[in-house]
Amino acid sequence: MLSLKKFTKLALATALVATTLTGCSGNDAKNEGSVETNNNSNVTTSEGSKNIAVIAKGFQHQFWKAVEQGTKKASEEFGLEVTFQGPDNESAIAQQVEYLNAAIDQKPDAICFAALDTQSALDSINNAKDNNIPIIGFDSGVPDAPEGAVLANASTDNYAAAEIAAEKMYDLIKDKVKDNKEVVRIGVVSQESNSQSISERTAGFIDKMIELIGEDKVSVEGHESQAKPKDDAKVVIELSIPAEVKDADAANVATALLEKEDLIAIYGSNEFAANAIITANEGLEKLGADKVIGVGFDSGSKQIAAIKDGLFVGSVTQNPVEIGYQAVKLAKEAAEGKEVEDVDTGALWYNADNMDDEDIAPCLYE
């Protein structure tokens with residue numbers, strides 16, 4: 001169990017060092033390249049260029065395809081040879097390590113890596129370090145990597161991004177959590193408890209909601225990673241995590257939350273979790289601005305449609321294209337021997353009113 005104070009301290013300790021950000025669409029491509037696609041490996045080539053290997057967490061979600069677009073943008077702009085690979089899903093840790101080992105064997109100029117499980121990849125990471133291959137983390141990065149193995153990260157400050165989701169939700173439910181005589185419930189669906197990025201999105205939301213409502217009024221229940229039960233609380237934040245990262249399991253835990261009569265709002269901490277809530281609602285019809293307030297994270301066709309239809313009031317989006325672009329840019333600079341530092345790729349709130357705005361639309365993916 002982590003207290004608000006301890007979790008906030010952890011979040012501050014792991015917060016990314018922000019540098020000047022480019023726009024959501026990144027920089028315009030300047031150089032032409034060619035693209036070859038073969039199952040889970042896409043290659044952009046440019047003769048005589050640096051070779052950058054990108055190892056993502058998977059191809060299960062559209063998010064990674066948007067990240068891939070960003071890597072292509074960087075490869076074209078800087079004249080790089082970029083390979084992009086990822087396992088079949090985000091549970092396939094061994095498969096990801098195999099891709100990482102294969103990339104190291106090719107002796108690229110640099111590697112971009114979003115680790116599913118750092119401990120499982122430690123031998124590979126040390127091998128890359130011993131061979132002087134710089135590693136750049138992206139998305140959730142490579143938490144707890146050996147010192148000096150990962151030179152910088154291109155990623156969202158997920159804790160801060162989740163705080164945005166809590167603030168937007170609170171604005172819509174504050175009348176129901178102020179001086180309420182009956183207990184009300186806020187549901188949280190999280191994909192898993194192992195991923196640092198997902199954990200930060202969960203904690204950032206819960207911690208900010210506790211701060212906004214008042215710590216003395218809130219009981220956090222459900223998964224033990226966040227549980228802070230309080231007998232006399234008037235607001236329950238219930239965290240549910242599926243037993244496995246499977247659509248059916250996630251829909252089941254979302255259904256269990258939506259069926260509770262005291263539920264006033266629900267949050268999904270990524271595309272997978274948000275989609276589970278939307279799927280669960282199909283047979284219950286509990287979501288809506290005048291019903292249970294739904295807020296998500298990431299995008300994807302299902303979540304975008306739910307926002308347009310009024311089932312979700314809005315979501316927080318990372319900038320997956322910018323994540324891919326900045327990761328490859330950092331890798332190029334590291335391969336050239338330049339000093340690199342973390343880049344916060346940002347987060348934005350979007351809803352039915354602004355999703356077509358020029359600064360929002362490029363950050364959303366179908």
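Other residues whose C-beta falls under 12 angstrom from the C-beta of Gly86 contribute a net charge of -3, scoring Lys and Arg +1 and Asp and Glu -1.
Phi-derived couplings, Karplus 6.51 cos²θ - 1.76 cosθ + 1.60 at θ = phi - 60°, listed residue by residue for region 244-254: 9, 7, 10, 4, 5, 5, 5, 5, 5, 5, 5 Hz, with x used for Gly and Pro. Pairs exceeding a 26 Å alpha-carbon distance, out of Lys72/Lys338; Lys129/Lys329; Lys168/Lys246: Lys168/Lys246. For region 96-204, the solvent-accessible area works out to 41 Å² per residue, with a probe of 1.4 Å and every protein chain left in place.
Shape summary: region 182-333 maps onto an equivalent ellipsoid whose semi-axes, from the alpha-carbon gyration tensor, are 26, 19, 14 Å in decreasing order. Protein heavy-atom surface of region 74-192, 1.4 angstrom probe: 40% of the accessible area is carbon and sulfur, with nucleic acids and ligands not counted.
Helix 93-105 and the longest principal axis of the C-alpha atoms of the chain enclose an angle of approximately 20°.
Shown here: P(r) over Cα pairs in 10 Å bins from 0, in percent, derived from the displayed model; of the candidates (i) 5, 19, 19, 22, 19, 9, 4, 2, 1, 0; (ii) 5, 25, 32, 23, 11, 3, 0; (iii) 5, 20, 28, 26, 14, 5, 2, 0, 0, it corresponds to (ii).
The relative contact order of the chain, computed from alpha carbon pairs under 8 Å that lie at least 6 residues apart in sequence, is 21 percent.
Looking at the chain alone, DSSP beta bridges between its own residues are antiparallel in about 25 percent of cases. The relative contact order of region 203-276, computed from alpha carbon pairs under 8 Å that lie at least 6 residues apart in sequence, is 20 percent.
Kindly state, to the nearest 0.05, the FRET efficiency for Glu167 paired with Glu224, given R0 = 30 Å and r defined as their beta-carbon distance. The formula returns an efficiency of 0.70 here. Using Cβ point charges alone (K and R +1, D and E -1), the dipole size of region 44-112 about the Cα centre works out to roughly 140 debye. Relative to the longest principal axis of the Cα atoms of the chain, the long axis of helix 158-177 lies at roughly 20 degrees. Between the listed residues Gln303, Phe59, Leu258, the Cα displaced farthest toward the positive end of the dipole of the chain, a dipole computed from Cβ unit charges relative to the Cα centre, is found at Leu258.
Residue-wise HN-Hα couplings along region 106-112, as the Karplus relation 6.51 cos²θ - 1.76 cosθ + 1.60 with θ = phi - 60° gives them from phi, are 7, 6, x, 6, 6, 10, 9 Hz; Gly and Pro carry x. Computed over protein heavy atoms with a 1.4 Å probe, the carbon and sulfur contribution to the accessible area of region 243-347 reaches 44%.
Kindly work out what percent of the DSSP beta bridges joining two residues of region 258-365 are antiparallel, to the nearest 5. Roughly 30 percent of the beta bridges in region 258-365 run antiparallel, per DSSP.
Taking all C-alpha pairs of region 224-272, those more than 15 Å from each other amount to 53 percent.
Taken per residue, the accessible surface of region 212-354 reaches 38 Å², heavy atoms only and a 1.4 Å probe.
Cross-link partners of Lys181 among aspartates and glutamates, defined as those whose alpha carbon lies under 13 angstrom from its own and excluding same-chain residues fewer than eight positions apart: Asp232, Asp262. About the centre of its Cα atoms, the chain shows a dipole size close to 520 debye [charges on the beta carbon of Lys, Arg (+1) and Asp, Glu (-1) only; nearest 20 debye]. Once backbone amide H atoms are built at 1.01 Å from N, Lys50 has Glu81 as its partners under 5 Å, excluding neighbours fewer than 5 places away on the same chain.
3J(HN,Hα) along region 306-311: 5, 6, 4, 7, x, 6 Hz, from the Karplus curve 6.51 cos²θ - 1.76 cosθ + 1.60 with θ = phi - 60°, whole Hz, x for Gly and Pro. Farthest toward the positive end of the dipole of the chain, out of Ile186, Ala161, Pro229, is the Cα of Pro229, where the dipole comes from beta carbon charges about the Cα centre. Here's how it looks for Gly314: its modeled amide H is under 5 Å from those of Gly296, which are all 5 or more places away or on a different chain. With all pairs of separate Cα atoms included, region 139-240 yields a Kirkwood hydrodynamic radius of 14.7 Å. Distant-in-sequence amide contacts of Ile237, defined by a placed amide H-H separation under 5 Å and a gap of 5 or more residues or a different chain, comprise Ile186, Ser219, Val220, Glu221.
The values are calculated or read from the model by the stated rules, or taken from the named source; none is laboratory data. Keep in mind that this is a model prediction, so the values were computed, not measured. Cβ coordinates were reconstructed from backbone atoms using ideal geometry, including for glycine residues, and neighbour counts include every protein chain displayed. SASA here: full protein model, heavy atoms, side chains in, ligands and nucleic acids out. Shrake-Rupley method; radii C 1.70, N 1.55, O 1.52, S 1.80 Å.
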